[in-house]
Amino acid sequence: MKPSWLQCRKVTGAGGLGGPLPGSSPARGPAPARRAFMAPGPRGALGGRGCRALSSGGGDYRSHFAASVTDPERFWGKAAEQISWYKPWTKTLENRHPPFTSWFVEGMLNICYNAIDRHIENGKGDKIAIIYDSPVTNTKAMITYTEALEQVSKLAGVLVKHGIKKGDTVVIYMPMIPQAMYTMLACARIGAIHSLIFGGFASKELSSRIDHAKPKLVVTASFGIEPGRRVEYIPLIEEALRIGQHKPDKILIYNRPNMGKPVGTPDAGAYFRVLAEHGVAALFTAPTAIRAIRQQDPGAALGKQYSLTRFKTLFVAGERCDVETLEWSKQIFRVPVLDHWWQTETGSPITASCIGLGNSKTPPPGQAGKSVPGYNVMVLDDNMQKLKARSLGNIVVKLPLPPGAFSGLWKNQEAFKHLYFEKFPGYYDTMDAGYMDEEGYVYVMSRVDDVINVAGHRISAGAIEESILSHGTVADCAVVGKEDPLKGHVPLALCVLRQGINTTEEQVLEEIVKQVRQSIGPVAAFRKAVFVKQLPKTRSGKIPRSTLSALVNGKPYKVTPTIEDPSLFGHIEEVLKKAS
């Protein structure tokens, strides 16, 4: 059965889902929606206190961290009083069957209510909740809490009208526009599960995610804007549905107004303009963005025309920030630049500079902060022995994980237990390698698997290899991350061509680059490959990825005894020298 395609055409104000949309009605407008979620939390409403549970009482970092690991029930029970609950929990922590931990057993809350409604009830309805500033489209909007609630409530009504209820799954395939935020909050408001997919992902990748999530509804936009080009989303979705197995009941389209051609790529002064124009006190960004500014404008001449008197702190995350980029940022922005580290699985930072708890604003270069209260971080060797300071090992977190961390994998709890908790029983395996210094600062050095971090996007090397191997001329390949001054890492393919092919290496490269772009998308940033006679492998047929990664990046590497033909490493070195 083909899905039904719906459209939202009416656009008001800042581009919100305003007006009488299909399925909206006074009964599902903002006021009734507010009444439906107005019940005061039994543990107390916000009361204007924000998320200050960790810093209330004036204690320092050490006392808060110690409390979080020695008595997590009391620590998080107190913290949870800062938000609104509809039903109180009967037990703060249920940890009888680790790693399957339950927090706030039988408690009930709504995240949309806590994100919007409670602020309005505390007199902040006219305060700005979101500033939307798109240099690529030259679009700006100030969205208040009241305006956000109106849009979210109307969209929640639309979802309910079209059959979405608590527990249903919704896929969101949209660009970074306010409507994507409204859709996420609308799903949370009615208890639906949402899966957010990077707007612009190729049809094959989109199809696999739809098949996995099995959504009842897909919410999308008519198009997205990337620097220099417009990306039509509808053809991508149509192709994804054609090649996929799962067919959602309906597709809800936000019909964006025609913006014409994109304004263009923002110059290196765009960040400085945003900071100055909006009086920003703190900025959270990825090191890739800083590298891009430095590449275009090494002396930050474009940024010097802006006054940053209110700017106090620059936070970076998403990938490891190299020391050179960190020091350049300090020099240019003239504020503390603080790196921190977390993972999709954890939902919040594992390590950070908790400056609100008195931690230093000038930590040593290369670190990613200290363990955030709730995360008991340790560095172990492969035999589960705790390593001494500055010894490289496996970064793990002693259980239980704090509230907000993942509690499972979608429809695969066995994989959840096997992947993250079996190698180091009693600990969460971050699968990252690094070390801790004498003062407790954590240094995250590398990923231990084959995931490549390309400009903050985690791309599977295996997925790229699969795409390349689908090309008829390539017999074998291995993809590793090559260090890149702009993107952090970019994928480099080591390819073995089939014998007897009648084509050039240049032509093959052009075709496999196109192949990867079509199957994974431009986000993979795959452009380079070298052609070798054979790949080194262990006797069990495994590719020594860490060794190849070190070789490709010009670092010392060790050839293990299990490699069948060690001479291949020398051959690959020669090929790389010629290619460079």
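Quick note: the coordinates plus some simple rules give every number you see, no bench work behind them. Values in this document were obtained by computation on a predicted structure and should not be read as measured data. Every residue, glycine among them, receives a Cβ derived from its backbone with ideal geometry; neighbour counts consider all protein chains shown.
For the reader, a short list of remarks on this structure follows.
- The range 179-297 shape via C-alpha gyration tensor axes, a/c threshold 1.5: prolate
- Antiparallel %, DSSP beta bridges [both residues in the chain], to 5: 60 percent
- If R0 is taken as 30 Å, the Cβ-Cβ distance between E506 and L486 corresponds to a FRET efficiency of 0.80.
- Each part gets one Cα centre, and for the range 176-237 versus the range 68-126 those centres are 29 Å apart.
- P(r) tail for the range 267-339: Cα pairs beyond 14 Å make up 55% of the total.
- Whether the range 451-579 is rounded, prolate or oblate, judged on the alpha carbon gyration tensor where a/c under 1.5 counts as rounded: oblate
- Taking other residues whose beta carbon is less than 15 angstrom from the beta carbon of P349, and scoring Lys, Arg as +1 and Asp, Glu as -1, yields -2.
- With each label modelled as a point 7 angstrom along the Cα→C-beta vector, the V451-Q296 pair spans 2.9 nm.
- Calculated FRET value between D381 and V575, using beta carbons and R₀ = 22 Å, to 0.05: 0.05
- Total charge dipole magnitude, the chain, about the Cα centre, Cβ charges on Lys, Arg, Asp, Glu only, Debye to nearest 20: 1520 debye
- Pairwise FRET efficiency - R230 versus Q331, Cβ, R0 = 30 Å, nearest 0.05: 0.20
- Here the extension length gained between T560 and E345 equals 74.2 nm, from 0.36 nm per residue of separation less the Cα-Cα distance.
- Cβ crowding within 10 Å ranks K154, K216 as K216, K154, fewest other Cβ atoms first.
- Likely footprinting exposure, S360, S353, fewest C-beta neighbours within 10 Å first: S360, S353
- Residues within the reach of a label modelled at S307 (point 7 angstrom out along Cα to beta-carbon, backbone nitrogen below 14 Å), restricted to the range 265-288, are 276-280.
- Bridgeable aspartates and glutamates around K361 (alpha carbons under 14 Å apart, same-chain partners fewer than 8 residues away excluded): E327, D339.
- Peptides 552-560, 372-380, 117-125 ordered by average Cβ neighbours within 10 Å, highest first: 372-380, 117-125, 552-560
- Charge sum, other residues only, whose C-beta stays under 11 Å from P99's C-beta, Lys/Arg counted +1 and Asp/Glu -1: -1
- Sorted ascending by nearby beta carbons within 10 Å, beginning with the fewest, I172, I350 become I172, I350.
- Backbone N within the range 202-231 under 19 Å of label point (7 Å from T137 Cα along the Cβ vector): 219-231
- Highest-first packing order for the peptide set 109-115, 230-236 is 109-115, 230-236, based on the mean count of other beta carbon atoms within 10 Å.
- Simple spin-label estimate for T473 and K388 in nanometres, 7 Å along Cα-Cβ: 5.5 nm
- Based on C-alpha pairs under 8 angstrom that are at least 6 apart in sequence, the range 267-339 has a relative contact order of 38 percent.
- Among [x] 28.7; [y] 37.0; [z] 26.9, the entry derived from the coordinates for mean projected area of the Cα convex hull in nm²: [x]
- Think of the range 449-531 as having a plus end and a minus end, set by charges on the Cβ of Lys, Arg, Asp and Glu; of C495, P522, H471, P522 sits farthest toward the positive end of this dipole.
- Reach of K140 by Cα under 25 Å, taken over lysines that are not fewer than 8 positions away in the same chain: K10, K124, K127, K154, K261, K304, K312
- K78 versus D211: modelled label distance in nm, points set 7 Å from Cα along the beta carbon direction: 5.1 nm
- The packing ranking of peptides 194-207, 322-335, highest mean first, is 194-207, 322-335, where packing means the average number of other beta carbon atoms within 10 angstrom of each residue.
- Hits among lysines - C-alpha to C-alpha of K533 under 24 Å, sequence gap 8 or more where chains match: K482, K514, K542, K555, K558, K577, K578
- Chain lengthening between A66 and T362 when straightened (0.36 nm per residue, less Cα-Cα): 104.3 nm
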